[in-house]
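Take a look at the structure set out below.
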Amino acid sequence: MSLIALIIIVLDGKRRIKKRTSAAQPTSWRLQQRQSPSKEASNLPSQSQNPAKVDLPTSPPTETPQCLSASGGSLIGSTLRIDGDVSAHETLVISGAVVGNVTAWEHSVMVNEAGSVSPRIEARTVCVAGSVIGQLVATDQAIVLSNARVSGSIDAKRLKCESGAWLQSTVT
């Protein structure tokens with residue numbers, strides 16, 4: 001199963017490289033696209049179908065500020081669910097569900113508002129706007145945005161937590 005996830009990530013990376021190299025789109029359109037929230041989030045399964053077994057409270061939808069660079073890296077899309085470990089050697093943005101360990105030691109991981117990860121994330125910087133159940137390990141900084149839901153433990157050199165975030169965690 002991990003091989004399938006790896007193939008999907010590699011193919012998505014190649015698609016993103018092609019997209020970056022084509023300069024056919026006007027710059028203003030690309031900036032507008034980065035700032036607008038995803039419309040695919042409404043197509044996700046309800047919270048009760050989430051692979052994590054803990055019911056976490058939901059917050060009203062708000063526009064999520066970008067805490068990671070939108071250029072480069074790989075995306076796990078909102079309709080994708082990965083059952084297995086994910087290891088990234090570039091920035092990773094998770095809009096879908098990952099049930100397994102996510103590792104990107106030298107890079108950043110962003111869990112978007114529609115994204116969920118359990119049981120573990122390990123990265124240089126972890127930014128959470130969605131749901132994380134389990135261990136969150138950031139060698140540099142962990143950022144928990146106002147609409148995030150985190151249950152488990154947070155181990156980070158630095159922690160930034162916005163008002164309104166739902167935490168049920170131990171912090172070290």
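Readers should treat all values here as calculations from the given coordinates under stated rules, not as data from a laboratory. What you see is a predicted model, and the numbers here were worked out from it, not measured in a lab. Positions of Cβ are generated from backbone atoms using ideal geometry, with glycine treated the same way; all protein chains shown enter the neighbour counts.
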Legend entry - Criterion (closer than 21 Å to ASP12 by Cβ and part of a strand (DSSP E or B)) met by exactly one of LEU167, LEU159, LEU75: LEU75
Legend entry - Neighbours by Cβ (under 9 Å, 6+ apart or cross-chain): first from the stretch 146-172, at positive phi; second among the hydroxyl-bearing types (Ser, Thr, Tyr): GLY152/SER118; GLY152/SER169; GLY152/THR170; GLY164/SER59; GLY164/THR62; GLY164/SER146
Legend entry - Among the residues listed as SER108, SER95, SER74, the single one being touching a Leu at 6+ places or on another chain (Cβ under 6 Å), surrounded by 18 or more Cβ atoms within 10 Å (Cβ to Cβ), under 19 Å from ILE7 (Cβ atoms) and in contact (Cβ under 8 Å) with a residue 40 or more places away in the chain: SER74
Inset, instruction - Report, by residue number, each residue of the stretch 84-142 that is among the small types (Gly, Ala, Ser), more than 19 Å from TRP166 (Cβ to Cβ) and assigned to a strand (DSSP E or B). - result: SER87, GLY100, ALA104, SER108, ALA123
